[in-house]
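Here the structure is laid out as structure tokens; the discussion comes afterwards.
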Amino acid sequence: MKRFTFFGGKGGTGKTSCAASCSLSMAARGVRTLVVSTDPAHSLSDAFNTPIGNRMVLLERNLWGLEIDAEAEAKKYTDSIMEKMLHLVSATIVDEIRRQIEIAYMSPGSEEAAVFDKFIELMESAGKDYDAIVFDTAPTGHTLRLLTLPGILGVWIEHLIEKRQKARKLMEVAARYDRELAEQLKEDPVIEALSARRDKFELARKILTDSETTVFHFVLNPEKLSILETDRAVGMLGKYGIPVGGMVVNKVIPKGAGPFLDKKRLSQEKYLCEIRERFASGPVVELPMLEDDVQGMEQLRIISGLMGAVC
Amino acid sequence: MEKIKNTLKKWWRLFALFHQGAFLDRRMAVVRKEAFDINDNLMLLLFGDFIGIPNPMSYYMLELLPLMADELVPWERRIQNRKFILAEKAAQYDFDT
Ligand SMILES: Nc1ncnc2c1ncn2[C@@H]1O[C@H](COP(=O)(O)OP(=O)(O)OP(=O)(O)O)[C@@H](O)[C@H]1O
Ligand SMILES: [Mg+2]
């Protein structure tokens, strides 16, 4: 078992059902487990048939659930910034800042950034109140952006730090004849803040690319589109060095389900073969299509009993 | 916090002093100018959306605002006033030759 287990894949394939089931079986084995949804459209509550929100709730012995609320996280963040602003004197500056915060609030990356911060925070505290985290992720695109954020931003922040340092170096040259001024140049809270950010991204990147601690399983259905999307995503994770685990093929129609479904099953079989061929490097698990939606502990336990190879 | 504020204040006073150029020889003035330009460019990368340049990472830049607040308003003035910037450039060349 890895410390961080992700379930990802195309929309509606069964990520939430699998993440919930997997977390349940970990908890049953005595591992203190947190199951977290990073999908802005949360459905963990539906899977467990219990309200879960932006606060950790106990779902079972050894099992806690959490649905990250991007807006609430962003609010906490901006509130703390505004609080620091109050120490500054000029009212015009405070107004400017408030305006800036409002613009940033609406910019496209903000929600992801807010989710990402919470995500790092949770990973950092693993080992304290819980030993393992199972992530129920948003459909592929969103999740790939989230996971590749540290790699991309790390480079960018590094560039910012260099620029600031260069400016300061020149200032130092200019201040060469004034020892007192040179002394004042030694500290720069901006560089410190940027470095702290960079270190956080680096930590996240390290965790996400460490196959000892992290694994990313795909949930797919035996159908064309879901295979194609998974294939692309596997390539993308590979490029960023995020370890791919197994394939969970969900909603496989059981034998003898009636003439109509038998036909459907035949087409599924073709795709099952394709999945086994294409993704031969890890385990492939098949989960049957159940009669009812996967909702509540009883259904989840059925699924978790079948996920042994990946969870 | 108080310490950071003080450091900032010192920093800013330093910038202001540089601006006056009261104690600098001409070569130092050019170096100072370059430092300013680099810092202005940096500010553009950090707070570009302030003046309408989209910055996908502006969320993370917010935490720098309390640290750079003092630099922000003069920067915005400089960057928005093209004439001013051009004049500054011209002055720099005059200086040089
Ligand atoms: N094996 C199954 N048998 C029957 N129904 C299933 C099965 N797996 C999932 N479902 C149902 O399919 C729907 C989608 O499943 P789920 O929410 O787990 O998918 P998801 O990949 O998390 O979706 P989203 O992309 O919307 O987050 C749910 O209603 C769920 O109950
Ligand atoms: Mg889901």
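Which one of these is loosely packed, with under 13 Cβ neighbours inside 10 Å and more than 28 Å from B:ASP70 (Cα to Cα): A:LYS118, A:LYS128?
Values: A:LYS118 fails: loosely packed, with under 13 Cβ neighbours inside 10 Å.
Among A:LYS118, A:LYS128, only A:LYS128 is loosely packed, with under 13 Cβ neighbours inside 10 Å and more than 28 Å from B:ASP70 (Cα to Cα).
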Please tell me if A:THR78 is more than 18 Å from A:ALA104 (Cβ to Cβ) and among the β-branched types (Val, Ile, Thr).
no
On the given criteria, is A:ILE227 under 20 Å from A:THR5 (Cβ atoms) and away from chain B (no Cβ under 14 Å)?
no
Does A:PHE218 meet the test of being buried (at least 19 other Cβ atoms within 10 Å of the Cβ) and out of contact with any Ser or Thr (no Cβ under 6 Å at 6 or more places or on another chain)?
no
Taking region A:288-301, which residues are surrounded by 14 or more Cβ atoms within 10 Å (Cβ to Cβ) and within 11 Å of ligand 1 (Cβ to nearest atom)?
A:PRO288, A:MET289, A:LEU290, A:VAL294, A:GLN295, A:GLY296, A:GLN299, A:LEU300
Mind listing whichever residues of region A:131-148 are free of Cβ contacts under 8 Å to residues at least 60 places away in the same chain and either within 16 Å of ligand 2 (Cβ to nearest atom) or buried (at least 22 other Cβ atoms within 10 Å of the Cβ) (or both)?
A:GLY141
Given the condition part of a loop (DSSP other than H, G, I, E, B) and facing chain A (nearest Cβ under 7 Å), answer yes or no: does some residue in region B:35-45 qualify?
no
The residue that is surrounded by the most Cβ atoms within 10 Å (Cβ to Cβ), considering only those in region A:154-182 that are more than 7 Å from chain B (Cβ to nearest Cβ) and at pLDDT below 80, is A:ALA175
Test A:LYS76 against the criterion of being assigned to a helix (DSSP H, G or I), basic (Lys, Arg) and closer than 25 Å to A:ILE207 by Cβ, and give yes or no.
yes
Identify the residue in region A:30-55 that is touching a residue at least 24 places away in the same chain (Cβ under 8 Å) and away from ligand 2 (no atom under 13 Å from the Cβ) and, among all such residues, is farthest from A:MET123 (Cα to Cα).
A:ASN49
Within region B:56-76, is even one residue at the interface with chain A (Cβ under 7 Å from one of its Cβ atoms), touching an Asp or Glu at 6+ places or on another chain (Cβ under 9 Å) and of a type in the set (Val, Ile, Thr)?
yes
Just a yes or no: is a residue in region A:39-62 under 30 Å from A:LYS224 (Cβ atoms) and either more than 14 Å from ligand 1 (Cβ to nearest atom) or within 14 Å of chain B (Cβ to nearest Cβ) (or both)?
no
Among helices (runs of 4 or more DSSP H) entirely inside region A:101-190, those with 2 or more residues being among the acidic types (Asp, Glu), closer than 30 Å to A:ALA27 by Cα and away from ligand 1 (no atom under 16 Å from the Cβ) are A:110-124
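Could you run through region A:235-290 and say how many residues are assigned to a strand (DSSP E or B) and over 22 Å from the mean Cα position of the chain (by Cα)?
Residues flagged as assigned to a strand (DSSP E or B) and over 22 Å from the mean Cα position of the chain (by Cα) within region A:235-290 amount to 7.
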Take A:VAL31 and tell me if it is away from ligand 1 (no atom under 16 Å from the Cβ), hydrophobic (A, V, I, L, M, F, W, C) and either surrounded by 24 or more Cβ atoms within 10 Å (Cβ to Cβ) or assigned to a loop (DSSP other than H, G, I, E, B) (or both).
yes
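The values are calculated or read from the model by the stated rules, or taken from the named source; none is laboratory data. A quick note: this is a predicted structure, and the numbers were derived from the prediction, not measured. Here Cβ is always computed from backbone atoms with ideal geometry, including for glycine, and neighbour counts include all displayed protein chains.
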